[in-house]
Amino acid sequence: MYYRGSAAAIIVYDITKEESFQTLKNWVKELRQHGPPNIVVAIAGNKCDLSDAREVPEKDAKDYADSIHAIFVETSAKNAININEVFIEISKRIPVVDAAGSTSGKGFKLGRQASESRRTCC
């Protein structure tokens, strides 16, 4: 896994497989040990469309996410449920970085500079 310069990480587990939730905890541990100190972490419980086959209670996953100060969302990649919401929540927590690389909270505007018009003969 590549961590350097990462602002956020989404760690996904399968709500129909308890083992995947336990594995997720190892990924979180590794991320906390090797990732940037202020990385935004989101935990996504995938396959919420298969709630009849659920092995991981939503409350357990939510409580775990809260304990590590992570975003928690249940999703369905198959049915596009809450996919955008994960990214929206992450974007709300990532600090704005200015052109100098500072997270002072001040943004900057991107714009086009007027280019000099050069006329040539012929």
Q | Of the criteria (1) in a helix (DSSP H, G or I); (2) under 21 Å from Arg93 (Cβ atoms), which one Tyr3 fails | A | (1)
Q. Yes or no: Arg54 more than 25 Å from Pro95 (Cα to Cα) and either among the basic types (Lys, Arg) or touching a His at 6+ places or on another chain (Cβ under 6 Å) (or both)?
A. yes
Q. Which residues, counting only those in the stretch 13-34, are surrounded by 17 or more Cβ atoms within 10 Å (Cβ to Cβ) and touching a strand residue (DSSP E or B) at 6+ places or on another chain (Cβ under 7 Å)?
A. Tyr13, Asp14, Ile15, Ser20, Phe21, Leu24, Val28, Leu31
**Q.** Tabulated pairs, the stretch 62-84, first farther than 21 Å from Ile94 by Cα, second of a type in the set (Ser, Thr, Tyr), C-beta under 7 angstrom, 6+ apart or interchain
**A.** Ile81/Thr75
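Table: residues versus (1) touching a helix residue (DSSP H, G or I) at 6+ places or on another chain (Cβ under 6 Å); (2) among the aliphatic types (A, V, I, L, M); (3) farther than 18 Å from Ile83 by Cβ; (4) at pLDDT below 95.
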residue: Ser6; (1), (2), (3), (4): no, no, yes, yes
residue: Lys17; (1), (2), (3), (4): no, no, yes, no
residue: Gly35; (1), (2), (3), (4): no, no, yes, yes
residue: Val40; (1), (2), (3), (4): yes, yes, no, no
residue: Ile43; (1), (2), (3), (4): yes, yes, no, no
residue: Lys47; (1), (2), (3), (4): no, no, no, no
residue: Ala53; (1), (2), (3), (4): no, yes, yes, no
residue: Asp60; (1), (2), (3), (4): no, no, yes, no
residue: His69; (1), (2), (3), (4): no, no, yes, no
Q.
Among the residues of the stretch 35-63, what is the count of those that are surrounded by fewer than 18 Cβ atoms within 10 Å (Cβ to Cβ) and in a helix (DSSP H, G or I)?
A. 10
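Okay, residues lined up against (1) modelled with pLDDT of 65 or more; (2) on the phi > 0 side of the Ramachandran plot; (3) in a strand (DSSP E or B); (4) surrounded by fewer than 15 Cβ atoms within 10 Å (Cβ to Cβ):
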residue: Phe72; (1), (2), (3), (4): yes, no, yes, no
residue: Asn84; (1), (2), (3), (4): yes, no, no, yes
residue: Ile88; (1), (2), (3), (4): yes, no, no, yes
residue: Lys92; (1), (2), (3), (4): yes, no, no, yes
residue: Gly101; (1), (2), (3), (4): no, yes, no, yes
residue: Gly105; (1), (2), (3), (4): no, yes, no, yes
residue: Phe108; (1), (2), (3), (4): no, no, no, yes
residue: Gly111; (1), (2), (3), (4): no, no, no, yes
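The values are calculated or read from the model by the stated rules, or taken from the named source; none is laboratory data. Here the structure is a predicted model, which is why all the values come from computation and not from measurement. No Cβ is skipped: glycine too gets one built from the backbone with ideal geometry, and neighbour counts run over all protein chains shown.
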